[in-house]
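The values are calculated or read from the model by the stated rules, or taken from the named source; none is laboratory data. Note that the structure is predicted; figures quoted are calculated from it, not measured. Cβ placement follows ideal geometry from the backbone for every residue including glycine, while neighbour counts extend to all protein chains displayed. Quick note on the areas: whole protein, heavy atoms, side chains included, nothing else; ligands and nucleic acids left out. Shrake-Rupley method; radii C 1.70, N 1.55, O 1.52, S 1.80 Å.
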Amino acid sequence: MGYEQQEFLFYEGEETDRDTSLGPDGEDAGGEAEQETVDPLSYDRVLVFFSGGKDSVACVLRLLDLGVPRDRIEVHHHLIDGREGSDLMDWPVTEAYCRAFANAFGLAYTISWKQGGMEREMLRDNQPTAPTLIPVDGEMVQIGGDGPLGTRRKFPQTSASLTTRWCSSYVKISVGAAYIVNHPKFLVGRTLVVTGERAEESSARAKYKRFEPHRSDNRNGARVKRFVDHWRPVHLYSEKDVWTLIEKYRVAAHPAYWLGWGRTSCMLCIFGSCHQWASANAIAPEKVRKVANYEREFKVTIHRKLSVDEQVARGVPYKMDPLHVARAMSTEYTESIIMDDWALPAGAYGESCGPT
């Protein structure tokens, strides 16, 4: 298939320091938040990059509140670990939860990933970064994989720099951009990309623009024209606002929240607190042991001062119901997304460890 791959500097996923105004997740962090009024109904499609966490759930629910037709909304999830055997970092249930959420609301659901996921990139040794897999006409199509040789041989580390904290750029940001740049449907009409960053999360995210052209936008291109805007509809929401909206629709939160996590990212998120590392070790010691062994092999720790083993030793595991543990560690999600008797999960308003 001859998908165009020009006029875009970031489609294969190499991180770059060319723009020092980029925020910790690669977005423009310069200037004050805009006051534009966004009309999502004016777009031909709305692409929600969906992690399964509370903020991405709230993004979809706000679109529904605003009357966006469900047949225009696409819930798109990036598989952090890919589908080639690696299950190192993410919650086993996340993909199934995201699919169940989309199905419950009658929304299109798609996925993409870097071949081999984060682990393959971490182990890269004089090799190009892996190809990206994107959905086209019901099949997963391979994009890229023939870039320059390079060596990684270390975990991403806790940092605001995408060069150092490369997981966001490689398995999320660039994968999503590759989907838009290489799928022909985005050359037709207007696309609105929606993500769930909130100003309350950090001082850097507070500076993100609420509305701007997406990094894949090429509306003024001489040869290829692609109209793509980027909206952060919950940027000004407090955590209370988010949970209030989720309660309104009676959505059951991702199983990680029921275990005590205040933020649903990877199970072994590099920003995890000592308590979260200890909790992960209590329910998946083999995964934590593998990460600790990699730290020793690379002679580079994830945290600037503490090894994973030291973080586990300093933390106290959450009090976790075995039923919720089983749900979080399953690759299937069989519970109803809509709760008849809605309740806040244990992790609500808890430790929300993430990019600063």
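Can you name the residue in the stretch 200-211 that is modelled with pLDDT under 95 and of a type in the set (A, V, I, L, M, F, W, C) and, of all such residues, is least open to solvent (accessible area, probe 1.4 Å)?
The selected residue is 204.
Would you confirm whether or not the stretch 125-133 contains a residue that is among the acidic types (Asp, Glu) and surrounded by 16 or more Cβ atoms within 10 Å (Cβ to Cβ)? Quick ask: steps written out before the conclusion?
Narrowing the stretch 125-133 to residues among the acidic types (Asp, Glu): 125.
Restricting the remaining residues to those that are surrounded by 16 or more Cβ atoms within 10 Å (Cβ to Cβ) gives none.
Among the residues of the stretch 125-133, not one is among the acidic types (Asp, Glu) and surrounded by 16 or more Cβ atoms within 10 Å (Cβ to Cβ), which makes the answer no.
Within the stretch 246-281, restricting attention to residues that are at pLDDT 95 or above and of a type in the set (Lys, Arg), which residue is most open to solvent (accessible area, probe 1.4 Å)?
Taking the candidates together, the pick is 248.
Within the stretch 300-309, is even one residue open to solvent by 60 Å² or more (accessible area, probe 1.4 Å), at pLDDT 95 or above and small (Gly, Ala, Ser)?
no
Here are some residues: 90, 125. Which one is of a type in the set (D, E, K, R), more than 23 Å from residue 53 (Cβ to Cβ) and part of a loop (DSSP other than H, G, I, E, B)? Let's see the steps before the verdict.
Working: 90 fails: more than 23 Å from residue 53 (Cβ to Cβ).
On inspection, the qualifying residue turns out to be 125.
Does any residue in the stretch 159-185 that is in a loop (DSSP other than H, G, I, E, B) come within less than 6 Å, Cβ to Cβ, of a residue that is open to solvent by 10 Å² or more (accessible area, probe 1.4 Å) six or more places away or on a different chain, and which pairs are these?
Short answer, once both residue conditions are applied: 162/15; 163/15; 163/17; 164/157; 165/159.
Which of the residues spanning the stretch 310-342 are without any contact (Cβ under 8 Å) to a residue 60 or more places away in the chain and open to solvent by 40 Å² or more (accessible area, probe 1.4 Å)? Reasoning before the result, please.
Taking the stretch 310-342 first, the residues without any contact (Cβ under 8 Å) to a residue 60 or more places away in the chain are 310-319, 322-323, 326, 334, 341.
310, 313, 314, 316, 317, 318, 319, 322, 323, 326, 334, 341 - these are the residues of the stretch 310-342 that are without any contact (Cβ under 8 Å) to a residue 60 or more places away in the chain and open to solvent by 40 Å² or more (accessible area, probe 1.4 Å).
From the list 158, 163, exactly one residue is under 23 Å from residue 290 (Cα atoms) and open to solvent by 20 Å² or more (accessible area, probe 1.4 Å). Which is it? Give the derivation first.
On the way: 163 fails: under 23 Å from residue 290 (Cα atoms).
The unique qualifying residue is 158.
Are any residues in the stretch 134-153 more than 17 Å from residue 78 (Cβ to Cβ), open to solvent by less than 70 Å² (accessible area, probe 1.4 Å) and in a strand (DSSP E or B), and if so, which ones?
150
Of all the residues that make up the stretch 214-245, how many are β-branched (Val, Ile, Thr) and surrounded by fewer than 21 Cβ atoms within 10 Å (Cβ to Cβ)? Break it down into steps so the answer makes sense when it comes.
First, the residues of the stretch 214-245 that are β-branched (Val, Ile, Thr): 224, 228, 234, 242, 244.
Of the ones still in play, those that are also surrounded by fewer than 21 Cβ atoms within 10 Å (Cβ to Cβ) are 224, 244.
Qualifying residue count, the stretch 214-245: 2.
What tally of residues in the stretch 163-189 results from selecting those that are in contact with a helix residue (DSSP H, G or I) (Cβ under 7 Å, 6 or more places away or on another chain) and at pLDDT 95 or above? Spell out the reasoning first.
Taking the stretch 163-189 first, the residues in contact with a helix residue (DSSP H, G or I) (Cβ under 7 Å, 6 or more places away or on another chain) are 167, 170-171, 180, 186.
Add one more test, that the residue is at pLDDT 95 or above, and what stays is 180, 186.
Within the stretch 163-189, residues that are in contact with a helix residue (DSSP H, G or I) (Cβ under 7 Å, 6 or more places away or on another chain) and at pLDDT 95 or above number 2.
Taking into account only those residues within the stretch 63-95 that are small (Gly, Ala, Ser) and modelled with pLDDT of 95 or more, which is most open to solvent (accessible area, probe 1.4 Å)? Let's see the steps before the verdict.
Taking the stretch 63-95 as the starting set, the residues that turn out to be small (Gly, Ala, Ser) are 67, 82, 85-86.
Checking which are modelled with pLDDT of 95 or more leaves us with 67, 82.
Values: 67: 43, 82: 14 Å².
Restricting to residues being small (Gly, Ala, Ser) and modelled with pLDDT of 95 or more, the top hit is 67.
Given the criteria within 30 Å of residue 328 (Cβ to Cβ), crowded, with 22+ Cβ neighbours inside 10 Å and not basic (Lys, Arg), does residue 181 qualify? Full working, then the answer.
Values: within 30 Å of residue 328 (Cβ to Cβ): no; crowded, with 22+ Cβ neighbours inside 10 Å: yes; not basic (Lys, Arg): yes.
Against the criterion (within 30 Å of residue 328 (Cβ to Cβ), crowded, with 22+ Cβ neighbours inside 10 Å and not basic (Lys, Arg)), residue 181 does not qualify.
Taking only the stretch 305-316 into account, find how many residues are of a type outside the set (Ser, Thr, Tyr), under 13 Å from residue 157 (Cβ atoms) and over 23 Å from the mean Cα position of the chain (by Cα).
Taking the stretch 305-316 first, the residues of a type outside the set (Ser, Thr, Tyr) are 305-306, 308-316.
This time we only want the ones that are under 13 Å from residue 157 (Cβ atoms), so: 305-306, 308.
Imposing the further condition that a residue be over 23 Å from the mean Cα position of the chain (by Cα) reduces the set to 305-306.
Result for the stretch 305-316: 2.
Consider residue 214 against the criteria (1) in contact (Cβ under 8 Å) with a residue 60 or more places away in the chain; (2) more than 30 Å from residue 341 (Cβ to Cβ): it satisfies all of them except one. Which criterion is unmet?
Exception for residue 214: condition (1).
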